[in-house]
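Here is the structure we will look at.
The values are calculated or read from the model by the stated rules, or taken from the named source; none is laboratory data. Remember, it's a predicted structure, so these values are computed and weren't measured experimentally. Note that each Cβ is placed from the backbone with ideal geometry, even for glycine, and that neighbours are counted across all protein chains shown.
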Amino acid sequence: MCRLFGFRSNTPATVHRALVTETNSLLAQSREHPDGWGIASYHGAPVPHVVHGLGAAHIDPEFERVSRLLSSHTVVAHVRLASVGGVVLKNAHPFTCGQWAFAHNGTVRNFKDHREAVEALIAPDLRERVRGDTDSERCFFLFLTFLRRRVPTLLRPGIGDVARALAETMGAVAGLADVPGADASSMNFLVSDGELMVVTRRRRTLFVTDGTARTEPPAAHTPLPQLLLASERLSGEGVWHEVPEETVLGVDAGLRFHRWTVRELLAAQSPGKPKDQPLPAQSTLPSPSGRGTG
């Protein structure tokens, strides 16, 4: 179990409050998630700049230093509570590959029993890039495998392609690891290429805000001033809305808001449906169907 944070804006901005000074900042959350931290940010280059630490963020001065100096239009941050894999740098989130940054809050159930089966689904050349021991890193490269089937270069895909690839990853992993009647795998995935940002919710809490006092979640295709995503509500950053279970949402390169259910994304993969068939984005977030497990 971990905690994650995502930020996307048209203009570079600081995220020091969200990461350090808010009452429920990522630094504060690291007291219960002390097994390392990571921050990926984009600064005009096509690939993210990534900093990792192995200590708890709340006692690591480097976390506060990096957070204080950071100004970016896209940030993916993470504090870890290790469940699969040791506390070593190769297991630290966010994971990166080219322009992609990826963080995971959750656990694949009985991963040691399914590790080889998950790895077998990853494209061989991408499988060679796996360095650590975590379920999370393998989910990342499985996501890239599914995405590359739609966008062979992995460069600048549409948000629908990314959403579908994340849903396919969730479906494939759940199909291998989950058993009816038992606790399901938790898969809150956060991914960005520096322009679009997409997140999933499954069995862990997740909240979204555009940083305003908007009392209702944004409607589909609404241009946003910014997007903030977090495992827990952060005070002082606008009104936070809980994301329902089995939801995929995010913003495209133009900061337009999109949302789907995992079910409808996976239904688009059914036989007889073209893979590029456009999907309807629901107009608003419905009432939460479940709170997850934290």
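Just one of the numbered conditions (1) part of a loop (DSSP other than H, G, I, E, B); (2) in contact (Cβ under 8 Å) with a residue 40 or more places away in the chain is not true of Pro157: (2). Flag: Val20 matches the condition of being outside any strand (DSSP E or B) and at pLDDT 95 or above.
Candidates are the residues of region 40-54 that are touching a strand residue (DSSP E or B) at 6+ places or on another chain (Cβ under 8 Å) and touching a residue at least 40 places away in the same chain (Cβ under 8 Å); the one that is surrounded by the most Cβ atoms within 10 Å (Cβ to Cβ) is Ala40.
For region 220-236, a residue qualifies if it is assigned to a loop (DSSP other than H, G, I, E, B), surrounded by fewer than 20 Cβ atoms within 10 Å (Cβ to Cβ) and in contact (Cβ under 8 Å) with a residue 40 or more places away in the chain, and the qualifying residues are Ala220, His221, Pro225, Glu232, Arg233, Ser235, Gly236. Could you list all residues from region 118-153 that are farther than 26 Å from Asp35 by Cβ and among the aliphatic types (A, V, I, L, M)? Once the filter is applied, which keeps residues that are farther than 26 Å from Asp35 by Cβ and among the aliphatic types (A, V, I, L, M), region 118-153 yields Ala120, Leu121, Ala123, Leu147, Val151. Within region 81-109, residues that are free of Cβ contacts under 8 Å to residues at least 60 places away in the same chain have Cβ atoms under 6 Å from residues that are surrounded by 17 or more Cβ atoms within 10 Å (Cβ to Cβ) and part of a helix (DSSP H, G or I) in these pairs: Val84/Phe111; Val84/Asp135; Gly85/Asn91; Phe95/Glu137; Phe95/Phe140, counting only partners at least 6 apart in sequence or on another chain. Just so you know, in region 1-25 the residues that are without any contact (Cβ under 8 Å) to a residue 60 or more places away in the chain and not hydroxyl-bearing (Ser, Thr, Tyr) include one that is surrounded by the most Cβ atoms within 10 Å (Cβ to Cβ), and it is Leu19.
Once region 237-256 is narrowed to residues that are in a strand (DSSP E or B) and not β-branched (Val, Ile, Thr), the residue that is farthest from Pro12 (Cα to Cα) is Glu242. Per the listing Glu119, Glu137, the residue uniquely of a type in the set (Asp, Glu), loosely packed, with under 15 Cβ neighbours inside 10 Å and either under 14 Å from the mean Cα position of the chain (by Cα) or under 27 Å from Pro157 (Cβ atoms) (or both) is Glu119. For region 101-108, state whether one or more residues are more than 18 Å from the chain's Cα centre (by Cα) and among the β-branched types (Val, Ile, Thr). No, region 101-108 has no match at all.
Per-residue answers, yes or no, for (1) at pLDDT 95 or above; (2) within 21 Å of the chain's Cα centre (by Cα):
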position: Val47; (1), (2): yes, yes
position: Ile59; (1), (2): yes, no
position: Arg65; (1), (2): yes, no
position: Ser72; (1), (2): yes, yes
position: Val76; (1), (2): yes, yes
position: Val84; (1), (2): no, yes
position: Lys90; (1), (2): yes, yes
